[in-house]
Amino acid sequence: MTAPEDAGAHGGGEPGGHGEGASGRRARAADRAAVRAFRPHRTVPAVVVAALVTLAGLYVAAETVSALVGAPLRLLPYDRVLAWASSTPWSDPLLLLGAAVATLVGLALLATALVPGRPRMIPVRTGDPDLVIGMRRKSFSRALAHAAEEVPGVHGARARLRGRTVAVTPFTSGWDEEGFARAVRDAVLTRMAALQPVEPYRVAVNVKERR
């Protein structure tokens, strides 16, 4: 049985649970600093794109300089390519295919740059912009699983992070699945509030019976 998802670990009338005033502004600044510190960097795609652009620039520079001195390198048969391009209509299937591939590659690179990746660390609240602390995702999940295991009647539990949702699977030997789910969800939310992650997480509980 899957219990309804519950809102994450933060309370209070203001997002993130921070109050008004200088202390609230400092706490929000600390949250932003923690999120930025553990934001994944797109290092590999950036290096690949930079290398390709650099190679293309070097090739164009080499062909241009060699042509100016009267000894063109002609590393690529650009004369034939130019002749083909000038004689090929826009409706040619090969031209359309090449344009489609180039468009897809460009969109993929753009999506890679814009869509944030999965952070390796979960930033936790410190209230100090100069103090940034993070938990490993595995450690965060293990702590929540241990909280579920402390519920009476639960013989074991596992927790997994799926985006902004913590999927908790407690194993019991009873039939009060709804009661177990509610107790486990409350225990997990209590432990999560103690850990104080910067970003809110939802909790989904799926009780399984272990005979």
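Values for this structure:
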{"quantity": "Unique match (being open to solvent by less than 50 Å² (accessible area, probe 1.4 Å), over 28 Å from the mean Cα position of the chain (by Cα) and under 30 Å from R42 (Cβ atoms)) among G134, G98", "calculated": "G98"}
{"quantity": "Subset of region 5-62 that is within 30 Å of R136 (Cα to Cα) and hydroxyl-bearing (S, T, Y) - its residue that is modelled with the highest pLDDT", "calculated": "S23"}
{"quantity": "Residues located in region 191-205, provided they are open to solvent by 50 Å² or more (accessible area, probe 1.4 Å) and out of contact with any helix residue (DSSP H, G or I) (no Cβ under 7 Å at 6 or more places or on another chain)", "calculated": "A194, Q196, P200, R202"}
{"quantity": "All positions within region 76-128 that are farther than 30 Å from A194 by Cβ, modelled with pLDDT of 80 or more and of a type outside the set (A, V, I, L, M)", "calculated": "S87, T88, P89, W90, S91, D92, P93, G98, T103, G106"}
{"quantity": "Among residues of region 33-72, those that are surrounded by 12 or more Cβ atoms within 10 Å (Cβ to Cβ) and either touching an Asp or Glu at 6+ places or on another chain (Cβ under 9 Å) or aliphatic (A, V, I, L, M) (or both), counted", "calculated": "11"}
{"quantity": "Exclusive hit being open to solvent by 80 Å² or more (accessible area, probe 1.4 Å) and either more than 22 Å from the chain's Cα centre (by Cα) or in contact (Cβ under 8 Å) with a residue 12 or more places away in the chain (or both), set P152, P129, P89, P170", "calculated": "P152"}
{"quantity": "Scan of region 86-105 for residues that are touching a Leu at 6+ places or on another chain (Cβ under 8 Å) and in a helix (DSSP H, G or I), ordered by number", "calculated": "none"}
{"quantity": "Yes/no for A108 being within 24 Å of the chain's Cα centre (by Cα) and either of a type outside the set (V, I, T) or at negative phi (or both)", "calculated": "yes"}
{"quantity": "Among (1) open to solvent by 40 Å² or more (accessible area, probe 1.4 Å); (2) outside any helix (DSSP H, G or I); (3) among the hydroxyl-bearing types (S, T, Y) - the single one T112 does not satisfy", "calculated": "(2)"}
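Listed here are the residues, each with its yes/no results for (1) touching a helix residue (DSSP H, G or I) at 6+ places or on another chain (Cβ under 7 Å); (2) closer than 17 Å to G106 by Cα; (3) of a type in the set (V, I, T).
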site: R42; (1), (2), (3): yes, yes, no
site: V49; (1), (2), (3): yes, yes, yes
site: L55; (1), (2), (3): no, no, no
site: L58; (1), (2), (3): no, no, no
site: D79; (1), (2), (3): no, no, no
site: L82; (1), (2), (3): no, no, no
site: S87; (1), (2), (3): no, no, no
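The values are calculated or read from the model by the stated rules, or taken from the named source; none is laboratory data. Every value quoted in this text rests on a predicted model; they were computed, and no experiment measured them. For neighbour counting, all protein chains shown are included, and Cβ atoms are generated from backbone atoms with ideal geometry for every residue, glycine included. Keep in mind that these areas ignore ligands, DNA and RNA; they rest on the heavy atoms of the full protein, side chains included. Shrake-Rupley method; radii C 1.70, N 1.55, O 1.52, S 1.80 Å.
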